[in-house]
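Chemist: Would you mind keeping the following structure in view while I ask a few things?
The values are calculated or read from the model by the stated rules, or taken from the named source; none is laboratory data. Just so we're clear, the structure is a prediction, and the values are computed from it rather than from any experiment. Cβ atoms come from the backbone with ideal geometry, glycine included; neighbour counts cover every protein chain shown. To get the accessible areas, we keep the full protein, side chains included, count just its heavy atoms, and leave off ligands, DNA and RNA. Shrake-Rupley method; radii C 1.70, N 1.55, O 1.52, S 1.80 Å.
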Amino acid sequence: MITFDHTCKSYDGTPAITDLNLHITQGELVVLLGPSGSGKSTALKMINRMVDHDGGRILLNGEEIYSFNVQDLRRRMGYAIQSVGLFPHWTVARNIATVPTLLGWDAARVQARVTELLQLLDMAPESYASRYPHQLSGGQQQRVGVARALAADPDVLLMDEPFGALDPVTRATLQLELKRIHRATGKTIVLVTHDIDEALLLATRIVLLYQGRIAQVGTPLELLQQPASDFVADFMGRADLGLKQLSLRPIAPLVQALKGATPAHAIADTATVREAISQMAALGVSCLGVINPSGSVLGQVSAANLLEARHG
Ligand SMILES: Nc1ncnc2c1ncn2[C@@H]1O[C@H](COP(=O)(O)OP(=O)(O)OP(=O)(O)O)[C@@H](O)[C@H]1O
């Protein structure tokens, strides 16, 4: 879908991205991660030509992006940024409708799409569609920013620190919403963050950049378990590496048959190993029942079998 092929970019002779080689396939949620100044935003903005590359190639579905009309290219890609950039004198509905209107959709289709997106982002259309950006909280503005980016059903969603500057609770809510949207729509998403936990939660693949070059590309678990260098190991946080790994592991494959009576406390079968161990610690127990969404007991997990499995 998107290919960086020996791509380079310098600003005033200083390299920001050097020889970037990366292929992003349809439906991936790729997170560009790295310290400040490592080139994450530059890499992202080159995809929709907010920044033009000056060496190598960038291909969209096999075609060099310079072969597209720049406006067409941008309309095929939703773009959401930290500062949101809503038009202050336009209502929420009109903000979301920006690209569909430019594309000439008829009014009924635009309105149906606005309603659908507000519902998807858990903002009741009857309360929010006619408000102005200053009448929304920061988290709600960011939701509208995401809705606007999704509006014309773009092939690709580019997100530059979309949840930066939010309080941790709102941030966590929007992260889960993005994960849900990604699952539901199968969109290709490229997201920039410097937050390792955000990357671990969201990414199907992480691209860790350092000084404009790729330090490592892999799944969250690969970066944690097989860091390619000391830099990767340091960046991913050696200190609580064990805990981070546990938070990526679901308990589902580790559920055992009940051994005797049903444990007094239970956890959902969708929980992670970290959540199960945390709940055991809080309750002072070493075993939990595991229940499915309808409340049926599926079996149990014990602290010993969860911790043993962490190397698996
Ligand atoms: N418009 C510009 N003009 C000159 N230099 C720039 C410009 N934009 C970025 N740079 C430089 O290019 C390098 C990479 O910047 P970039 O914004 O891509 O990094 P980043 O990883 O996204 O950083 P951050 O996390 O701080 O946003 C940095 O050294 C930065 O100073």
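Chemist: Can you tell me which condition K40 does not meet? The list is (1) among the basic types (K, R); (2) surrounded by fewer than 22 Cβ atoms within 10 Å (Cβ to Cβ); (3) under 25 Å from I196 (Cβ atoms), and all the others hold.
Modeler: For K40, the exception is condition (2).
Chemist: Hey, another quick one. Hey, can you tell me all the residues within the stretch 93-140 that are within 16 Å of D153 (Cα to Cα) and not in a helix (DSSP H, G or I)?
Modeler: A97, L103, G104, W105, D106, L121
Chemist: Run L73 past the list (1) under 23 Å from A124 (Cα atoms); (2) crowded, with 16+ Cβ neighbours inside 10 Å and report the number of the one that doesn't hold.
Modeler: (1)
Chemist: Next question, about the same structure. Out of everything in the stretch 54-63 that is open to solvent by less than 80 Å² (accessible area, probe 1.4 Å) and closer than 21 Å to Y11 by Cα, what residue ends up being nearest to the chain's Cα centre (by Cα)?
Modeler: Selected residue: I58.
Chemist: How about the stretch 288-312: which of its residues are open to solvent by less than 60 Å² (accessible area, probe 1.4 Å), more than 31 Å from the chain's Cα centre (by Cα) and over 12 Å from I251 (Cβ atoms)?
Modeler: S296
Chemist: Kindly indicate the residue of the stretch 81-91 that is within 15 Å of the ligand (Cβ to nearest atom) and of a type outside the set (V, I, T) and also surrounded by the most Cβ atoms within 10 Å (Cβ to Cβ) among those meeting that condition.
Modeler: Looking at the filtered set, the residue picked out is Q82.
Chemist: Here is a follow-up. If a residue has to be of a type in the set (D, E, K, R) and in a loop (DSSP other than H, G, I, E, B) to count, how many in the stretch 230-274 make the cut?
Modeler: Looking only at that region, the number is 5.
Chemist: In the stretch 142-171, how many residues are open to solvent by 40 Å² or more (accessible area, probe 1.4 Å) and small (G, A, S)?
Modeler: 1
Chemist: Condition test on H53, is it in a loop (DSSP other than H, G, I, E, B) and more than 16 Å from I206 (Cα to Cα)?
Modeler: Yes.
Chemist: With the structure loaded, tell me whether I189 is away from the ligand (no atom under 16 Å from the Cβ), open to solvent by less than 40 Å² (accessible area, probe 1.4 Å), in contact with a helix residue (DSSP H, G or I) (Cβ under 8 Å, 6 or more places away or on another chain) and touching a residue at least 12 places away in the same chain (Cβ under 8 Å) or whether it fails that test.
Modeler: Answer is yes for this residue.
Chemist: Name the single residue, out of those in the stretch 15-49 being within 12 Å of the ligand (Cβ to nearest atom), in a strand (DSSP E or B) and under 16 Å from the mean Cα position of the chain (by Cα), that is farthest from Q71 (Cα to Cα).
Modeler: L33
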